[in-house]
Amino acid sequence: MIAGCPWRERVALYAGGDLDSDEARAAELHLEVCEACRAFAQGLRADLAGLRAERERPIDPAHFVRLRARVMERVRGERGRLAWRRAGWMATAALAATILLLLVVPKPRPIATQPRVAREAPVEYAHPVVHQAAVRRSRRRVHHVRQSLTSQPIVVKLVTDDPNVVIYWITDNKGETPQ
Amino acid sequence: MALLAATAAIDDPRRDAGETARARDEAAFEGLVRQYERLVLSTALRIACNMDDAQDISQEVFLRLYRNLDKVRRMENLTGWLYRVTVNACFDLRRRRPASAPVELANDLPSTESDPQQTAAEAERRRALELSLRLLPEKERAALVLRDLQGLSTEEVAEALGSSAATVRSQISKARVKVRAFVESYFGRRR
């Protein structure tokens, strides 16, 4: 509860220059007749002058240095956290894009390789493999004949139009199949 | 000298472009802090009434400034924004950290440089005023600090407090009456 004259709060505003012209004039008229408010206004003006003087009072520069250091340290910390978060999002996006690409793009079919055919069959082959139907259809021709002067068997390789069908004929130098 | 050294470090050709950009941003923001540190710290100090709380409050204010740089750059009245954020940060801190009894902190007044030329009477008056501020309710203290210590107009105080001009005038007048009453009783003069 504020004791004293009921004009105290208006006088308080008047002393600080916070009344408009009409209100200020009314306050001045009251002060002419109220000694208590006059003393109050005088004391309050001194208080307000003291408070305004505090505005110019310097603060120890060390406090500003400390504040700046704390702020910049927090700012750097926030930038680091932001960079990590951004990197995380980019990695996640790249992974998602890679997975999507693998799902959407069709896998290429493997290219069929030509069967490798020996130019000379090993002598160990005792029973040549013949595809009957392919032989009937295809033209036979002798690819290679190895002449042997010894009693070693002769291997005759017959190549057809079908590259998968090759006929090996093993014979002696008399044209008979060795037993 | 420190500023020159900082500039030289920023312009070091060995740094990559990204690091240089970050360094420039940091230097620019630190410049902003230097420009407004007195406004923020002094306001926080007068409302919070102790330097440790004022440091915490001021740090929070500048971090909010940093996080809202894009918005703040488009703002016409950065000073008003800073006052508003500082006041809100003071209220937030007080909610989280209730103040000790103000009379018990009579020996722990805000640390400002003492003026050697100040007379003993002036020093005593200053002490009485500082104590009277501590005894005020939070919102009345904020209104009085912004109006009579920081020199804002009633309208600017209203904007900073998020109140109407009429409410601010009421808070200011009540605060001034209480300050006067305390100073009178402090010096043992009553009418």
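Would you check which residues across region B:132-149 are open to solvent by 30 Å² or more (accessible area, probe 1.4 Å) and at the interface with chain A (Cβ under 9 Å from one of its Cβ atoms) and list them? Matches in region B:132-149: B:ARG147 only. Restricting the first member to region A:18-29 and to residues that are under 17 Å from B:ALA166 (Cβ atoms), and the second to residues that are among the small types (Gly, Ala, Ser) and modelled with pLDDT of 95 or more, the beta-carbon pairs closer than 7 Å and six or more apart or on different chains are A:LEU19/A:ALA27.
Being over 27 Å from B:LEU146 (Cβ atoms), of a type in the set (A, V, I, L, M), more than 60 Å from the chain's Cα centre (by Cα) and open to solvent by 70 Å² or more (accessible area, probe 1.4 Å) is a condition met by no residue of region A:63-82. Selection within region B:160-170: residues that are assigned to a helix (DSSP H, G or I) and in contact (Cβ under 8 Å) with a residue 40 or more places away in the chain. The member of this set that is most open to solvent (accessible area, probe 1.4 Å) is B:LEU161.
Does region B:171-189 contain any residue that is outside any helix (DSSP H, G or I), more than 10 Å from chain A (Cβ to nearest Cβ) and either of a type in the set (Phe, Trp, Tyr) or touching a helix residue (DSSP H, G or I) at 6+ places or on another chain (Cβ under 8 Å) (or both)?
Of all residues in region B:171-189, those outside any helix (DSSP H, G or I) come to B:187-189.
Retained after the next criterion (residues that are more than 10 Å from chain A (Cβ to nearest Cβ)): B:188.
If we keep only those that are either of a type in the set (Phe, Trp, Tyr) or touching a helix residue (DSSP H, G or I) at 6+ places or on another chain (Cβ under 8 Å) (or both) too, we end up with none.
Looking through region B:171-189, none of the residues is outside any helix (DSSP H, G or I), more than 10 Å from chain A (Cβ to nearest Cβ) and either of a type in the set (Phe, Trp, Tyr) or touching a helix residue (DSSP H, G or I) at 6+ places or on another chain (Cβ under 8 Å) (or both).
Conditions tested, residue by residue: (1) touching a strand residue (DSSP E or B) at 6+ places or on another chain (Cβ under 6 Å); (2) open to solvent by less than 40 Å² (accessible area, probe 1.4 Å); (3) facing chain B (nearest Cβ under 8 Å); (4) not β-branched (Val, Ile, Thr).
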| position | (1), (2), (3), (4) |
| --- | --- |
| A:ASP18 | no, yes, yes, yes |
| A:ALA24 | no, yes, no, yes |
| A:VAL33 | no, no, no, no |
| A:GLN42 | no, no, no, yes |
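Scanning region B:28-68 for residues that are aromatic (Phe, Trp, Tyr) and within 9 Å of chain A (Cβ to nearest Cβ) turns up B:PHE29, B:PHE62, B:TYR66.
Considering only residues in region B:150-159 that are in a loop (DSSP other than H, G, I, E, B) and touching a residue at least 24 places away in the same chain (Cβ under 8 Å), the one that is most open to solvent (accessible area, probe 1.4 Å) turns out to be B:GLN150. Has region A:128-141 got any residue that is modelled with pLDDT under 80, in a loop (DSSP other than H, G, I, E, B) and exposed (fewer than 10 other Cβ atoms within 10 Å of the Cβ)? Checked region A:128-141: at least one residue is modelled with pLDDT under 80, in a loop (DSSP other than H, G, I, E, B) and exposed (fewer than 10 other Cβ atoms within 10 Å of the Cβ). For region B:140-149, the count of residues that are charged (D, E, K, R), more than 19 Å from A:LEU19 (Cα to Cα) and part of a helix (DSSP H, G or I) is nonzero.
Test A:ALA46 against the criterion of being within 7 Å of another protein chain (Cβ to nearest Cβ), small (Gly, Ala, Ser) and either under 27 Å from B:GLU122 (Cα atoms) or more than 60 Å from the chain's Cα centre (by Cα) (or both), and give yes or no.
Answer is no for this residue.
Any residue at all in region A:3-16 that is open to solvent by 80 Å² or more (accessible area, probe 1.4 Å) and at pLDDT below 95? Yes, region A:3-16 has at least one match.
Of the residues making up region A:53-62, those that are surrounded by fewer than 14 Cβ atoms within 10 Å (Cβ to Cβ) and facing chain B (nearest Cβ under 7 Å) are A:ARG55, A:PRO58, A:ASP60.
The values are calculated or read from the model by the stated rules, or taken from the named source; none is laboratory data. As the structure is a computational prediction, the values presented were derived from the model and not from experiment. Glycine also receives a Cβ, built like all others from the backbone with ideal geometry; neighbour counts cover every protein chain displayed. When the accessible area is computed, the model is the full protein with side chains, heavy atoms only, and any ligands, DNA or RNA have been set aside. Shrake-Rupley method; radii C 1.70, N 1.55, O 1.52, S 1.80 Å.
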